[in-house]
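Visitor: To start, I am sharing the structure in question, which I have written as structure tokens.
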């Protein structure tokens with residue numbers, strides 16, 4: 001194949017899952033060589049060759065018995081990479097800060113073990129966000145939630161393109177989501193996308209800065225999230 005048209009025709013004959021895998025690979029290839037990563041994580045593993053297409057219900061059963069976590073996008077299953085120590089420390093601090101602030105109220109904080117199901121028109125998606133706040137208890141499933149108010153992902157070299165593009169687009173389709181937050185793990189930096197602001201990003205950066213989570217009424221100094229983590 002030498003022309004763009006030939007490549008397009010070949011891609012058109014692939015399954016949806018193969019096209020998703022190639023799309024993510026192209027994103028990573030496009031971003032290869034970018035400098036500035038201070039935290040190394042294992043490369044993500046996408047679309048295991050021996051994993052068949054599944055219905056969402058089949059995926060729930062598969063995930064329940066799997067030793068590693070997966071995400072699901074319209075029938076395709078993607079294995080998730082392991083997290084760094086810094087990633088887990090930041091996730092824990094954010095979950096604790098949210099939980100302490102919301103204690104005694106109707107909202108609950110869920111961390112990376114809980115699944116988020118997105119069903120919209122012909123799409124069925126299941127992610128494992130790093131942190132979520134969900135206040136609609138009547139809609140909780142046994143292993144998943146559907147209506148979070150706030151969703152947060154911690155960026156890493158292996159996932160940041162998916163978090164910045166694919167997940168930003170899909171999370172904003174959930175009517176209950178008011179804020180989507182991206183947390184760096186190699187610097188004091190949170191990027192907050194708000195529905196009320198038309199999903200324009202607001203960046204909070206620097207050790208002296210504080211982030212405002214309007215959806216849950218919390219102002220949190222970044223040093224409370226990153227203090228002594230970035231320095232080891």
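Visitor: Looking at (1) farther than 20 Å from residue 69 by Cα; (2) within 10 Å of the chain's Cα centre (by Cα); (3) surrounded by 19 or more Cβ atoms within 10 Å (Cβ to Cβ), can you tell me which one residue 163 breaks?
Guide: Evaluating residue 163 over (1) farther than 20 Å from residue 69 by Cα; (2) within 10 Å of the chain's Cα centre (by Cα); (3) surrounded by 19 or more Cβ atoms within 10 Å (Cβ to Cβ) leaves (1) as the failure.
Visitor: Any residue at all in segment 14-27 that's modelled with pLDDT under 90, outside any helix (DSSP H, G or I) and under 28 Å from residue 226 (Cα atoms)?
Guide: Pass one, segment 14-27, residues modelled with pLDDT under 90: 14-27.
With outside any helix (DSSP H, G or I) added as a condition, the list becomes 14-15.
Among the residues that remain, those that are also under 28 Å from residue 226 (Cα atoms) are: none.
Looking for residues that are modelled with pLDDT under 90, outside any helix (DSSP H, G or I) and under 28 Å from residue 226 (Cα atoms), one finds none in segment 14-27, hence no.
Visitor: Quickly run through segment 92-107 and pick out the residues that are under 16 Å from residue 140 (Cα atoms) and in contact with a strand residue (DSSP E or B) (Cβ under 6 Å, 6 or more places away or on another chain).
Guide: If the condition is that a residue be under 16 Å from residue 140 (Cα atoms) and in contact with a strand residue (DSSP E or B) (Cβ under 6 Å, 6 or more places away or on another chain), then 107 is the only one that fits.
Visitor: In addition: Could you check segment 120-147 and list, in sequence order, the residues that are closer than 20 Å to residue 90 by Cα and assigned to a strand (DSSP E or B)? First the steps, then the outcome.
Guide: First, pick out the residues of segment 120-147 that are closer than 20 Å to residue 90 by Cα: 127-134.
Result: 127, 131, 132, 133, 134.
Visitor: Scan (1) touching a residue at least 24 places away in the same chain (Cβ under 8 Å); (2) part of a helix (DSSP H, G or I); (3) in contact with a strand residue (DSSP E or B) (Cβ under 9 Å, 6 or more places away or on another chain) for the single condition residue 165 breaks and write down its number.
Guide: Exception for residue 165: condition (3).
Visitor: Among the residues of segment 177-206, what is the count of those that are at pLDDT below 95 and out of contact with any strand residue (DSSP E or B) (no Cβ under 9 Å at 6 or more places or on another chain)?
Guide: Residues in segment 177-206 being at pLDDT below 95 and out of contact with any strand residue (DSSP E or B) (no Cβ under 9 Å at 6 or more places or on another chain): 1 in total.
The values are calculated or read from the model by the stated rules, or taken from the named source; none is laboratory data. All figures in this text were calculated on a predicted structure; none of them were measured in a lab. We place every Cβ from the backbone using ideal geometry, glycine too, and count neighbours over all the protein chains shown.
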